[in-house]
Every structure is written in C-alpha cells, then in structure tokens.
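Below is one structure, written out as structure tokens; the observations come after it.
The values are calculated or read from the model by the stated rules, or taken from the named source; none is laboratory data. Owing to the predicted nature of the structure, the values given are computational and were not obtained by experimental measurement. A quick note on method: Cβ atoms are made from the backbone with ideal geometry, for glycine too, and the neighbour counts reach across all protein chains shown. Just the protein is used for accessible areas: all its heavy atoms, side chains included, with ligands, DNA and RNA removed. Shrake-Rupley method; radii C 1.70, N 1.55, O 1.52, S 1.80 Å.
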Amino acid sequence: MVVGGDELRAGVRRLGAELSQAYPEGVLLVAILRGSIWFLADLVRAMSCPVEVDFMAISSYAEGTGRVRIVKDLDLDINQRHVVLVEDVVDTGLTLTYVLGELRRREPASLEVCALLDKTTRRIVPTPVRFVGFEVADDFVLGYGLDFAGRYRNLDFVVAGDLSALREDPDAHVADLYGR
Ligand code: IMP
C-alpha cells in the first residue's frame, strides 16, 4: 500500500483546509480529466471557501515527450481569477508545464498547483507544486483516480502496480485488488 484509505482522507482534509485558508474569497479549481476527478470531488467537499470547478482534457502526441494538445478546453474565462490546477500525480512535470504555460497566457490573477501525489524524484522539468498531498517514491501507482489502461480508478486507496505485468495483461491486478 502506498497511501491507505484513512491516510488519503486525512490528506485530502488537510489540503482542503490549506486551500480554504489560502483563498478565503474563493478560488477556481481546474482539473485535468479524467484521473483528477476522484480527488477533486473529495477536495471540494473538504473546503470551506467558495469554489468553482472547470475541466480540461488533454492527449499526448507521444508518450514521455511532454507534447500534449488540449482536446477539451475550459468553459470558464480564467482571466484575473485565482486559479488552482488540481492534479492526481505530478511525475516528470512535462504535462503540468505545458498546461501551466497554456493557462498563464490567459493571465489569471494567480495560478498554483495542488497535487494529490508528487513523485519529486522523477522530475524532468522543475515544477512548482504549492499544495502537495503526499510525496511518493518512484512507483507506478493505481487507485483513487489513477489507472492503467482505464482500470483501477475506483479503488479507495493508492497502491503500487507491477508495470511489466500490467503491460502484458492490463487486468493483472484485478484479482488481488478487487478480492476476486
Ligand atoms: P507527467 O507529465 O510525467 O508529470 O505525468 C503526469 C500524468 O501521467 C498524470 O496526470 C497521470 O495521468 C500519469 N501518471 C504519471 N504517473 C502515474 C502513475 O504512477 N500511475 C498512473 N498514472 C500516472
């Protein structure tokens, strides 16, 4: 287990309190579909300040290159808004760097990042993550929104997966993780 259910809930509560304190006047949370929505749904309910949410979807041109394109853009105008980008995990930082650059061009009043998990040792591009749930090791992780080939997102905890086994069979962990 990388982060258990109770620990996750406590971490999300702490982040909710930190965000509420940082943005007493309110904040716009931007989440990248789809992995962040489990975290986002719990995070907003742990916040005691006014919150709006909006979504973006991106797709990679090629794995690990950081070249991504926006396939669904925000519906809201973020100009002069206080914006926090909500991410499930920051790994190399390549995706986030692209998205932050894109959002910065729209001139928000402020722009910060809130990540549930931060794999700091994997970073290729320095990426400022102001609100961090948990620093995790260089494992491929599953659960609480994180997937392999669309599987495992609904697990209520975060667990390390065996990438080579998953590449051979995306359902490799179904029996152990769903108790079947
Ligand atoms: P980055 O561009 O390398 O920072 O990768 C960010 C994206 O890669 C995340 O938003 C996830 O969608 C995906 N990702 C990175 N690490 C993991 C992992 O351990 N499990 C599942 N998805 C991951």
| task | Keeping to the range 138-180, report how many residues are at pLDDT 95 or above, exposed (fewer than 13 other Cβ atoms within 10 Å of the Cβ) and touching a Lys or Arg at 6+ places or on another chain (Cβ under 6 Å). | result | 0
| remark: Expected output for the range 89-101 (first residue under 17 Å from V132 (Cβ atoms), partner assigned to a helix (DSSP H, G or I) and not basic (K, R), Cβ below 7 Å, 6+ apart or cross-chain) is V90/L96
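Quick one: would you say L103 is modelled with pLDDT of 95 or more, more than 14 Å from the ligand (Cβ to nearest atom) and either hydroxyl-bearing (S, T, Y) or closer than 26 Å to P24 by Cβ (or both)? Explain how you work it out, then say what you get.
Values: modelled with pLDDT of 95 or more: yes; more than 14 Å from the ligand (Cβ to nearest atom): yes; either hydroxyl-bearing (S, T, Y) or closer than 26 Å to P24 by Cβ (or both): yes.
Taking the combined requirement at face value, the residue satisfies it.
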| note | Inside the range 72-100, the number of residues satisfying the requirement of being within 11 Å of the ligand (Cβ to nearest atom), out of contact with any Asp or Glu (no Cβ under 7 Å at 6 or more places or on another chain) and assigned to a helix (DSSP H, G or I) is 5
| task | Would you be able to say whether some residue in the range 111-118 is at pLDDT 95 or above, part of a loop (DSSP other than H, G, I, E, B) and either under 23 Å from V51 (Cα atoms) or open to solvent by 20 Å² or more (accessible area, probe 1.4 Å) (or both)? | result | no
| field | Top-ranked residue of the range 57-83 - restricted to ones that are β-branched (V, I, T) and farther than 28 Å from A22 by Cβ, ranked as modelled with the lowest pLDDT | value | T65
| said: I'd like to verify a number: residues in the range 142-178 that are touching a His at 6+ places or on another chain (Cβ under 9 Å) and farther than 15 Å from V3 by Cβ, how many? | reply: 5
